[in-house]
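Asks: I'd like to ask you about the structure that follows.
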Amino acid sequence: MITVKKLVKRFGLKIVLRGVDFEVQPGEFVALLGPNGAGKTTFLRILASLSRPSLGEVNIAGYKLPAQAEQVRARLGVVSHLPLLYGDLTAEENLRFYARLYNVPNSEARITEVLEMVGLDTRRQDLVRTYSRGMQQRLTIGRAVLHDPDVMLFDEPYTGLDQDASSMLDDVLKTVASQGRTVVMTSHDLARAEDLATRFDILSRGVITASATRRQLKKSNLLTFYKQALAAS
Amino acid sequence: MNNTMPAIKATKKHFAAKPSFLRAVFAIVWKDIQAEYRSLELISAMLVFSLLVIIIFNFALDVEFKVRQTVAAGVLWTTFAFAGTLGLNRSMAVEKDRGCLDGLLLAPVDRSAIYFGKAISNLIFMLVVEAVVLPVYSVLYGRNLIQPGLLMVILLGSIGYVGVGTLLATMSVQTRTRDILLSILLFPVVLPVLLPAIIASNGFLAGVELAEILFPIGLLVAYDVIFIAVAFMVFDNVVEE
């Protein structure tokens, strides 16, 4: 579903990604872990077609980036730590706006379905700026799945959430993943990544230094695996 | 707050072909109008600023009534340009602050549709402010500014201003110094629009023959076309890292 070969990203003289090779099979849930400044967000922004690769190949769902970016974007759902929602619009109006941009058929029924999914159907008429951070993040996920994308990208989705909101987001993420979607999530939260992902890749200093599936990795060993991968890089 | 997580319905594919260019443009314009109708942040800021500029100029140019009439067009366009900068900054800041610009860029639409959507919204807000400001000017400067010829010049000037302003606001909003950077970038670039707009406005206010002001009007139309065409071509590069 996602194939990345020798990806390099430079910002001026600074090289952020130094030849990343990365492959994700359909239905996989990959947690991309790494310290601050490792290049996780840059990598996800390239996958999301928000940033151009300096060198290398990126293929998503059979389409090349950046040449076929519009086709890729139609199959992508992206969630970051920013809400990507308009505070002066209601939840319903926000979703209706994005439904128009994604040309979602039967949009009113789909909006209702998504609002029910993220548990916000009773607050659909409220302005988004009156929502708590947790509610905004759930609506953000609703916005990202509105067009039923094949691939979901989550960039630190737990940032700024309290314990209750994080638990609720766990449920939504599990639901999103259980629907057969391919998911790539960056996170600092090893415990949550361990709970959700089927594969763990460690990105350090712009390269993927280690990768292991859930089967290869005993559950209690993710922290050890992570530390070893960083030490070796 | 609703803390329950209802069972998820079985999903079905909602994927569809990308929307038409016009549908995407309309969606962005409608979204901006809806949000502005709720908050009135942008229009009220532009309006208050414009009225303050009028009053300040009115006292600063407290000279003979006839002299004041001759500078009316310059003062008018200075006011529009300053207020317009305020509106352009605010319009793009709303998109940037909550990551909404990324939300727009993630949509499977031609990115020039985003440019046109934002530019049309900005133009509508600017025209609303101008519609309120013009009668006040007419009273203070003793000139009837509600004339078809002058209104056409104001429309053409506003199109050019907003056309290049939306592009530069999109660039500047991505920097740390966005509040000051837009003015520094915009005013030198937009001068070829402002100068013929002032000359043509002066001509209409002085009641000269249309043939005498066809040249600045032609320049305005040409710059509008050039600015919009350039913005259309480079917008994709401006928004992508």
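The values are calculated or read from the model by the stated rules, or taken from the named source; none is laboratory data. In this text, all values refer to a predicted model and were calculated from it rather than measured experimentally. Here the Cβ is made from the backbone with ideal geometry for all residues, glycine too, and neighbour counts use every protein chain on show.
Asks: What's the total number of residues in segment B:4-20 that are under 30 Å from A:M168 (Cα atoms) and either more than 7 Å from chain A (Cβ to nearest Cβ) or at pLDDT 90 or above (or both)?
Replies: Final tally of qualifying residues: 3.
Asks: Would you confirm, using the coordinates I've provided, whether A:V128 is aliphatic (A, V, I, L, M), in contact (Cβ under 8 Å) with a residue 12 or more places away in the chain and in contact with a Lys or Arg (Cβ under 7 Å, 6 or more places away or on another chain)?
Replies: The answer is no for A:V128.
Asks: Can you work out which of the residues in segment B:21-67 that are charged (D, E, K, R) and modelled with pLDDT of 90 or more is farthest from A:D171 (Cα to Cα)?
Replies: B:E41
Asks: Right, next: I'd like the full set of residues that are among the hydroxyl-bearing types (S, T, Y) and more than 7 Å from chain B (Cβ to nearest Cβ), limited to segment A:106-151.
Replies: Scanning segment A:106-151 gives A:S107, A:T112, A:T130, A:Y131, A:T140.
Yes or no, residue by residue, for (1) surrounded by fewer than 17 Cβ atoms within 10 Å (Cβ to Cβ); (2) within 14 Å of chain B (Cβ to nearest Cβ); (3) closer than 30 Å to A:G142 by Cβ:
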site: A:V172; (1), (2), (3): no, yes, yes
site: A:T175; (1), (2), (3): no, yes, yes
site: A:S178; (1), (2), (3): yes, yes, yes
site: A:M185; (1), (2), (3): no, no, yes
site: A:A191; (1), (2), (3): yes, no, yes
site: A:A197; (1), (2), (3): no, no, yes
site: A:L203; (1), (2), (3): no, no, yes
site: A:T213; (1), (2), (3): yes, no, yes
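Asks: Still on this model: Working only within segment A:153-169, note down all residues that are surrounded by fewer than 23 Cβ atoms within 10 Å (Cβ to Cβ), among the hydrophobic types (A, V, I, L, M, F, W, C) and more than 12 Å from chain B (Cβ to nearest Cβ).
Replies: A:L161
Asks: On to the next question. Quick test of your reading of the structure: A:A31 fulfils all but one of (1) in contact with a Ser or Thr (Cβ under 8 Å, 6 or more places away or on another chain); (2) within 24 Å of B:A35 (Cα to Cα); (3) aliphatic (A, V, I, L, M). Name the failing condition by number.
Replies: The single condition A:A31 does not satisfy is (2).
Asks: May I ask you to say which residue of A:L139, A:L161, A:L153, A:L115 is in contact with a Leu (Cβ under 8 Å, 6 or more places away or on another chain), touching a residue at least 24 places away in the same chain (Cβ under 8 Å) and part of a loop (DSSP other than H, G, I, E, B)?
Replies: Just a single option satisfies the conditions, and that option is A:L161.
Asks: For the subset of segment A:75-100 comprising residues that are out of contact with any Ser or Thr (no Cβ under 7 Å at 6 or more places or on another chain) and β-branched (V, I, T), which member is nearest to the other protein chains (Cβ to nearest Cβ)?
Replies: Looking at residues that are out of contact with any Ser or Thr (no Cβ under 7 Å at 6 or more places or on another chain) and β-branched (V, I, T), I get A:V78.
Asks: Name the residues in segment B:21-61 that are hydroxyl-bearing (S, T, Y), more than 15 Å from the chain's Cα centre (by Cα) and more than 8 Å from every other protein chain (Cβ to nearest Cβ), would you?
Replies: Selection gives B:Y37 alone.
Asks: Please determine whether any residue of segment A:25-48 is in contact (Cβ under 8 Å) with a residue 60 or more places away in the chain, closer than 13 Å to A:M185 by Cα and among the acidic types (D, E).
Replies: yes
Asks: Taking segment A:52-74 on its own, how many of its residues are surrounded by fewer than 21 Cβ atoms within 10 Å (Cβ to Cβ), at the interface with chain B (Cβ under 7 Å from one of its Cβ atoms) and in contact (Cβ under 8 Å) with a residue 24 or more places away in the chain?
Replies: 0
Asks: With respect to A:L101, is the statement that it is within 22 Å of the chain's Cα centre (by Cα), buried (at least 18 other Cβ atoms within 10 Å of the Cβ), within 24 Å of A:D171 (Cβ to Cβ) and not acidic (D, E) true?
Replies: no
Asks: Suppose we filter B:E130, B:E36 for residues that are over 21 Å from A:L89 (Cα atoms) and acidic (D, E); which single one remains?
Replies: Matching residue, one of B:E130, B:E36: B:E130.
Asks: Right, here's the next one. Sort out which residues of segment A:11-44 are within 14 Å of another protein chain (Cβ to nearest Cβ), out of contact with any Gly (no Cβ under 8 Å at 6 or more places or on another chain) and closer than 17 Å to A:D150 by Cα, and write them in order of number.
Replies: Once the filter is applied, which keeps residues that are within 14 Å of another protein chain (Cβ to nearest Cβ), out of contact with any Gly (no Cβ under 8 Å at 6 or more places or on another chain) and closer than 17 Å to A:D150 by Cα, segment A:11-44 yields only A:L44.
Asks: Looking for something more than 29 Å from B:K96 (Cβ to Cβ) and of a type in the set (S, T, N, Q) - is there at least one such residue anywhere in segment B:141-162?
Replies: Scanning segment B:141-162 turns up at least one residue that is more than 29 Å from B:K96 (Cβ to Cβ) and of a type in the set (S, T, N, Q).
Asks: Out of segment A:121-136, which residues are assigned to a loop (DSSP other than H, G, I, E, B) and within 13 Å of A:L95 (Cα to Cα)?
Replies: Within segment A:121-136, A:R124, A:Q125, A:D126 meet the criteria.
Asks: So, one more: A:N103 passes all but one of (1) polar (S, T, N, Q); (2) in contact with a Lys or Arg (Cβ under 8 Å, 6 or more places away or on another chain); (3) within 7 Å of another protein chain (Cβ to nearest Cβ); (4) not in a loop (DSSP other than H, G, I, E, B); which number fails?
Replies: For A:N103, the failing item is (4).
Asks: Please specify each residue of segment B:200-238 satisfying the condition of being crowded, with 20+ Cβ neighbours inside 10 Å and among the hydrophobic types (A, V, I, L, M, F, W, C).
Replies: Residues satisfying the conditions are B:A200, B:F204, B:L205, B:I213, B:I217, B:L220, B:F227, B:I228, B:A231, B:F235.
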